[in-house]
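Participant: There's a structure below that I have some questions on.
The values are calculated or read from the model by the stated rules, or taken from the named source; none is laboratory data. The structure displayed is predicted, hence computed values, not measured ones. Positions of Cβ are backbone-derived with ideal geometry, glycine not excepted, and every protein chain shown enters the neighbour counts.
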Amino acid sequence: NGNENFTSPSNLSTTPNNANSSSKRTISPALQPRSDASKDSIFTVQEVKSAEALSKMESESLSKNLSSALLSKHFPTADQRVRFYMSSWYEPPCDQDELLEIVKYVGSRGNEGSTAANETGEEQKDDSMTQFIPSFSLHRHVQSPQISSSIIFKGAARADTDVVFALDKSALDSCEFNPRPDQKKILESIYCPELRDTLLLPYQNQIGLTNTSKNNELSVVLLAQVGDALSSRAMDDFGKPHGYSAQPTVPHFTKVRLAWDNVTARVSLMKASPRSCSTLQTRRINRGKLEPIIWKMGIKRHYKGVEDVPSEDVPWEEKRDVAVFRGTSTGDFDQKMPARERCRQNQRCRLVLDYHNSSLVDAKFTNILSRSNLPLAIDGIPINGSHLQRYEQLRYKALIFMEGNDVSTGLKWGLYSNSVVMITKPSISSWAMEELLEPYVHYVPLRDDLSDVETQMKWIVEHDREAKEIALRGQLWMHDLLYAEESERDNAAINEEILRRYQTHFRPGIAVKEELLFYPKPLK
């Protein structure tokens, strides 16, 4: 699958970003194109042969039958995926002065006013039992006679949402097993254990003991941000997680990022030489900012159960000629506007309101969040509807997915189904690489104002075969990502290469100071 410049590690066991080999499924034969594919088919001859081969695999796992020759030509190679995920940080620094130097502040006896916590999370005075939350400062050398170095980032190992923090095993353990009273539940249940098990521990295992300083400290600190914020934020000089500074100019991991607004820049990134380097001035920027590194996060929410879709699905011919949407009222709402205007400025709500009387579109909210402050009916039009289980939605020929706070959670299982997906042009990308999906190849496109939903659904009904083939292409995208024979190997190699390249941005060694950079809140 295009591993031109790095190979899959032979000693690397199944990593959290890999597909679970026991969960691999076949693509339903109901979606396969006819063997006598006509010339106007959007498939190449090779892809038609691939689809024909798939139709013979009803009882066997795709992972055991597909070779790299059968993978969708539209799916990026492993090397391209590394470039895509790493965004602005793919190339290592050209100048050694741009390497990041780390100072770790661990706290010590005699620090007046320092905040400490024991293993139970209670503040105490006995220094022998205290557990300080480590904090970090990252420095870069600058070419100036007055200044020899500059602090460009400050952060702590205190997990929080919508702020960049450092990954520390003890702090992540405390986040999961001994959460703070003010800590969001999603940190305890999802992000802290996930970051520890899928990012920190695999990295430590990857470098072993060959890349440690005399102080037995890792020479690289892993930085991450979780939550719904699409801009990266850092702590202020007082360590306040809500006193945000500007976009930090350091590499860090996130679940999502904005899609590239400049296609030329994205194409340039995907073609970048693996031997090239970059400076801060020449790094690719998106909307005037350096982009973070995408890592597979929110695995249970976004990918759990995707492998079960084929067993819940029905053949294309048995589906209703209707597009369906069910979702929550996520996204932005201007509370100063009247209800109708407030609804129509939100994509999801506009869809529900504008197509309430359509015979081709069945769109309803199943949960109206309090922060959206929407009534159950607007001008007598009910916007809340009955909940539909996934197997019930799979009875519809088209599935509509809308971005909310970030990427659409259900898009992954929708793409893996026999139904065709209808979406607007993706403005946000995650590990599934949504912005690389192509209109009329992997999905049927919708205008941003959603004025063409009925028109596009009519197109699906009138172009049954083309729509069915688009659905198959979307299904192949998810297959290539998760369940192909090569995907487990590729995903492991991709993770390893990302971590190796991340490491090149740091100067070897780490300084440890027996003090605190600032005083983060106790662990509980």
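Participant: Under 7 Å between Cβ atoms, at least 6 apart or on separate chains: pull out the pairs that start in segment 269-288 with a residue that is closer than 17 Å to residue 99 by Cβ and end on any residue that is of a type in the set (S, T, N, Q).
Facilitator: 280/249; 283/88
Participant: Only residues that are more than 24 Å from the chain's Cα centre (by Cα), of a type in the set (Ser, Thr, Tyr) and part of a strand (DSSP E or B): list them for segment 382-433, please.
Facilitator: Matches in segment 382-433: 396 only.
Participant: I need the full set of residues from segment 425-440 which are buried (at least 18 other Cβ atoms within 10 Å of the Cβ) and closer than 23 Å to residue 393 by Cα, in order please.
Facilitator: Scanning segment 425-440 gives 426, 432, 434, 437.
Participant: Quick check: is even one residue across segment 365-376 at pLDDT 80 or above and either outside the structural domain of residue 446 (by TED's automatic domain parsing) or surrounded by 15 or more Cβ atoms within 10 Å (Cβ to Cβ) (or both)?
Facilitator: Within segment 365-376, one or more residues are at pLDDT 80 or above and either outside the structural domain of residue 446 (by TED's automatic domain parsing) or surrounded by 15 or more Cβ atoms within 10 Å (Cβ to Cβ) (or both).
Participant: Considering only residues that are within 26 Å of residue 374 (Cα to Cα) and in contact with a helix residue (DSSP H, G or I) (Cβ under 8 Å, 6 or more places away or on another chain), look in segment 386-402 and name the one that is surrounded by the most Cβ atoms within 10 Å (Cβ to Cβ).
Facilitator: 400
Participant: If you go through segment 166-175, how many residues are surrounded by 19 or more Cβ atoms within 10 Å (Cβ to Cβ) and part of a helix (DSSP H, G or I)?
Facilitator: Within segment 166-175, residues that are surrounded by 19 or more Cβ atoms within 10 Å (Cβ to Cβ) and part of a helix (DSSP H, G or I) number 4.
Participant: Also: What are the residues in segment 252-264 that are among the hydrophobic types (A, V, I, L, M, F, W, C) and surrounded by 16 or more Cβ atoms within 10 Å (Cβ to Cβ), if any?
Facilitator: 253, 256, 258, 259, 260
Participant: Quick check: anything in segment 485-507 assigned to a helix (DSSP H, G or I) and under 21 Å from residue 445 (Cβ atoms)?
Facilitator: no
Participant: Just wondering, is there one or more residues in segment 445-453 that are within 23 Å of the chain's Cα centre (by Cα), surrounded by fewer than 22 Cβ atoms within 10 Å (Cβ to Cβ), within 17 Å of residue 347 (Cα to Cα) and among the polar types (S, T, N, Q)?
Facilitator: Checking segment 445-453: not a single residue is within 23 Å of the chain's Cα centre (by Cα), surrounded by fewer than 22 Cβ atoms within 10 Å (Cβ to Cβ), within 17 Å of residue 347 (Cα to Cα) and among the polar types (S, T, N, Q).
Participant: Another question about this same structure. Within segment 291-349, count every residue that is under 26 Å from residue 257 (Cα atoms) and hydrophobic (A, V, I, L, M, F, W, C).
Facilitator: The number of residues fulfilling the criteria is 10.
Participant: Also, quick follow-up: Select the helices (runs of 4 or more DSSP H) contained entirely in segment 239-332, then report the ones holding at least 3 residues which are farther than 20 Å from residue 428 by Cα.
Facilitator: 309-312
Participant: Are any residues in segment 201-235 in a helix (DSSP H, G or I) and at pLDDT 90 or above, and if so, which ones?
Facilitator: 201, 202, 203, 204, 205, 206
Participant: So, one more: State all residues of segment 177-195 that are crowded, with 20+ Cβ neighbours inside 10 Å and either in a helix (DSSP H, G or I) or in contact with a strand residue (DSSP E or B) (Cβ under 7 Å, 6 or more places away or on another chain) (or both); if no residue qualifies, say none.
Facilitator: Listed by number, the residues that qualify are 187, 191, 192, 194, 195.
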